1. Any chance you could count how many residues in the range 76-106 are touching a Leu at 6+ places or on another chain (Cβ under 9 Å) and closer than 19 Å to Val53 by Cα?
2. Could you check how many residues of the range 54-69 are within 14 Å of Ile107 (Cα to Cα) and either assigned to a loop (DSSP other than H, G, I, E, B) or of a type in the set (A, V, I, L, M, F, W, C) (or both)?
3. Restricting to the range 88-106, count the residues that are of a type outside the set (Lys, Arg), outside any helix (DSSP H, G or I) and surrounded by fewer than 18 Cβ atoms within 10 Å (Cβ to Cβ).
4. If you go through the range 21-46, how many residues are in contact (Cβ under 8 Å) with a residue 40 or more places away in the chain and either touching a Leu at 6+ places or on another chain (Cβ under 7 Å) or surrounded by fewer than 17 Cβ atoms within 10 Å (Cβ to Cβ) (or both)?
5. How many residues does the range 107-125 hold that are of a type in the set (D, E, K, R), surrounded by fewer than 14 Cβ atoms within 10 Å (Cβ to Cβ) and modelled with pLDDT of 95 or more?
6. Say whether the condition of being among the polar types (S, T, N, Q) and assigned to a helix (DSSP H, G or I) is met by at least one residue in the range 35-45.
7. It is to be established whether one or more residues within the range 11-18 are surrounded by 16 or more Cβ atoms within 10 Å (Cβ to Cβ), closer than 24 Å to Cys113 by Cα, within 14 Å of the chain's Cα centre (by Cα) and not aromatic (Phe, Trp, Tyr).
Amino acid sequence: MYIRKATATDAEQLKTLYFEHLTHYPPKEEQDMAKWRAMLTKFEQDENMHLLVLEIDGKVVSTVQMAIVENLTHNIRPFAVIENVVTHAEYRGKGYASALLQKATEIAKERGCYKLSLETGSNKESTLGFYKKNGFELDQKHSLLKRL
């Protein structure tokens, strides 16, 4: 098991994870993989963007995306937000997403974040229970969504 930041060479494997194993995705549009690779290269270099992947025998099987947002409140401490937690169906239940959430938590602490929030579109009790087991508290704040 190896955890690292995603690179441009992970684009196809990430597309597979997102399109085949993330609930309520994929988009209907064809994807421009050159743009995916360019964005992944940008993420690699951005200290505030962490697209983490967990690799088993050279295969990306789980991923978590975390953004660190600079902030003027809380004594100028940033906050972090996690989205797009996904694990390949054949690799679920092995602790891989938990390991990624732990790594994201460590990065947020190292960066001095005062909070780490997680967004999910799932209402499944098993999914919410998974996040609770990983230290996230439900209903501490309210998230409202405006689709653009």
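1. Here is the first cut: in the range 76-106, the residues touching a Leu at 6+ places or on another chain (Cβ under 9 Å) are 79-88, 91, 96-97, 99-101, 103-105.
Still in the running and closer than 19 Å to Val53 by Cα: 80-88, 91, 96-97, 99-101, 103-105.
The qualifying residues number 18.
2. Taking the range 54-69 and keeping what is within 14 Å of Ile107 (Cα to Cα), we get 64-69.
Of the ones still in play, those that are also either assigned to a loop (DSSP other than H, G, I, E, B) or of a type in the set (A, V, I, L, M, F, W, C) (or both) are 64, 66-69.
Residues flagged as within 14 Å of Ile107 (Cα to Cα) and either assigned to a loop (DSSP other than H, G, I, E, B) or of a type in the set (A, V, I, L, M, F, W, C) (or both) within the range 54-69 amount to 5.
3. Taking the range 88-106 as the starting set, the residues that turn out to be of a type outside the set (Lys, Arg) are 88-91, 93, 95-102, 104-106.
Now drop any that are not outside any helix (DSSP H, G or I), which leaves 88, 93, 95.
Those left that are additionally surrounded by fewer than 18 Cβ atoms within 10 Å (Cβ to Cβ): 93, 95.
Residues flagged as of a type outside the set (Lys, Arg), outside any helix (DSSP H, G or I) and surrounded by fewer than 18 Cβ atoms within 10 Å (Cβ to Cβ) within the range 88-106 amount to 2.
4. If we filter the range 21-46 for residues that are in contact (Cβ under 8 Å) with a residue 40 or more places away in the chain, which is where we start, we get 21-24.
Subsequent filtering for residues that are either touching a Leu at 6+ places or on another chain (Cβ under 7 Å) or surrounded by fewer than 17 Cβ atoms within 10 Å (Cβ to Cβ) (or both) retains 22-24.
Of the residues in that region, 3 qualify.
5. Applying the first criterion (of a type in the set (D, E, K, R)) to the range 107-125 yields 109-111, 115, 119, 124-125.
When the remaining residues are screened for being surrounded by fewer than 14 Cβ atoms within 10 Å (Cβ to Cβ), the result is 109-110, 119, 124-125.
Next cut, modelled with pLDDT of 95 or more only: 109-110.
Residues flagged as of a type in the set (D, E, K, R), surrounded by fewer than 14 Cβ atoms within 10 Å (Cβ to Cβ) and modelled with pLDDT of 95 or more within the range 107-125 amount to 2.
6. Step one: list which residues in the range 35-45 are among the polar types (S, T, N, Q), which gives 41, 45.
Checking the rest, the ones that are also assigned to a helix (DSSP H, G or I) come to 41, 45.
Within the range 35-45, one or more residues are among the polar types (S, T, N, Q) and assigned to a helix (DSSP H, G or I).
7. Start the filter on the range 11-18 by keeping residues that are surrounded by 16 or more Cβ atoms within 10 Å (Cβ to Cβ), which leaves 11, 13-14, 17-18.
With the extra rule that they be closer than 24 Å to Cys113 by Cα, the set shrinks to none.
No, every residue in the range 11-18 fails to be surrounded by 16 or more Cβ atoms within 10 Å (Cβ to Cβ), closer than 24 Å to Cys113 by Cα, within 14 Å of the chain's Cα centre (by Cα) and not aromatic (Phe, Trp, Tyr).
Residue-by-condition table, conditions (1) more than 23 Å from His74 (Cβ to Cβ); (2) assigned to a helix (DSSP H, G or I); (3) out of contact with any Leu (no Cβ under 7 Å at 6 or more places or on another chain); (4) free of Cβ contacts under 8 Å to residues at least 60 places away in the same chain:
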{"residue": "Ala108", "(1), (2), (3), (4)": "no, yes, no, yes"}
{"residue": "Gly112", "(1), (2), (3), (4)": "no, no, yes, yes"}
{"residue": "Thr120", "(1), (2), (3), (4)": "yes, no, yes, yes"}
{"residue": "Asn123", "(1), (2), (3), (4)": "yes, no, yes, yes"}
{"residue": "Leu128", "(1), (2), (3), (4)": "yes, yes, no, yes"}
{"residue": "Lys132", "(1), (2), (3), (4)": "yes, yes, no, yes"}
{"residue": "Leu138", "(1), (2), (3), (4)": "no, no, no, yes"}
{"residue": "Lys141", "(1), (2), (3), (4)": "no, no, yes, yes"}
{"residue": "Leu145", "(1), (2), (3), (4)": "yes, no, yes, yes"}
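The values are calculated or read from the model by the stated rules, or taken from the named source; none is laboratory data. Worth saying up front: this structure is predicted, and the values here are computed from it rather than measured. Positions of Cβ are backbone-derived with ideal geometry, glycine not excepted, and every protein chain shown enters the neighbour counts.
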